[in-house]
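What follows is a short report on a single structure.
The values are calculated or read from the model by the stated rules, or taken from the named source; none is laboratory data. What you see is a predicted model; the values in this text were computed from it and never measured. Here the Cβ positions follow ideal geometry from the backbone for every residue, glycine too, while neighbour counts run over all protein chains shown. The accessibility values were calculated without ligands, DNA or RNA, using every heavy atom of the protein model including side chains. Shrake-Rupley method; radii C 1.70, N 1.55, O 1.52, S 1.80 Å.
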Amino acid sequence: MGRFRKSGKKQAPAISTASLPDIVFMLLFFFMISTSFRQTDKLVQVKLPGATENVKLERKDLTSYIYVGSPIPSKQAQYGTDSRIQLNDSYKTVNEIRDFIAAERESISEGEREAMTVAIKADENVRMGIITDIKQELRRCSALKIMYVARQREAAN
């Protein structure tokens, strides 16, 4: 019997990279869709008070946040250290809450306006008078679903 020999060195076939761009774009698309971006920059310092019971929000997209606390260190030279109210990305007064709520209601569909919730993120050292003023203004605007954001308190053993 004869032997068949191939002349030359045997080389491994090249790895196909034709589908590599498709895989990269699929991963990029997945992470773009699944990542949520912060919508507002915090201009106030907020150390949340502790709470024993927490309720999870049903729909975060229907929640408007009101931040109350002292300005961040870079803004204290301009605004002082007294407590300030932050609506979206700027400092506002209690009287401007009505316009804020009206704008937030206009940004959501008419059917979901009843489910809109206002969440107050207030520093634990904020005077209660400011919170009371905010609550009264929210009542005047008929924004009656109010939540107070707090951190989970450690359970005592």
Six or more apart or on different chains, Cβ under 6 Å: which pairs go from a residue in the stretch 126-145 that's assigned to a loop (DSSP other than H, G, I, E, B) to one that's among the β-branched types (Val, Ile, Thr) and open to solvent by less than 60 Å² (accessible area, probe 1.4 Å)? Could you list them?
-> Val126/Val68; Cys141/Ile101; Ala143/Ile101; Ala143/Val118; Lys145/Thr117
Pair list, Cβ under 6 Å, 6 or more apart: the stretch 78-96 residue free of Cβ contacts under 8 Å to residues at least 24 places away in the same chain, other residue surrounded by 14 or more Cβ atoms within 10 Å (Cβ to Cβ) and part of a helix (DSSP H, G or I) | Leu87/Phe100
Before we move on, is Arg84 of a type outside the set (Phe, Trp, Tyr) and over 23 Å from the mean Cα position of the chain (by Cα)?
-> no
So which helices (runs of 4 or more DSSP H) are wholly in the stretch 1-110 and hold at least 1 residues that are among the small types (Gly, Ala, Ser), open to solvent by less than 100 Å² (accessible area, probe 1.4 Å) and more than 30 Å from Gln152 (Cα to Cα)?
-> 97-107
From the list Val55, Val46, pick out the single residue that is closer than 17 Å to Ile146 by Cβ, modelled with pLDDT under 90 and in contact with a strand residue (DSSP E or B) (Cβ under 6 Å, 6 or more places away or on another chain).
-> Val46
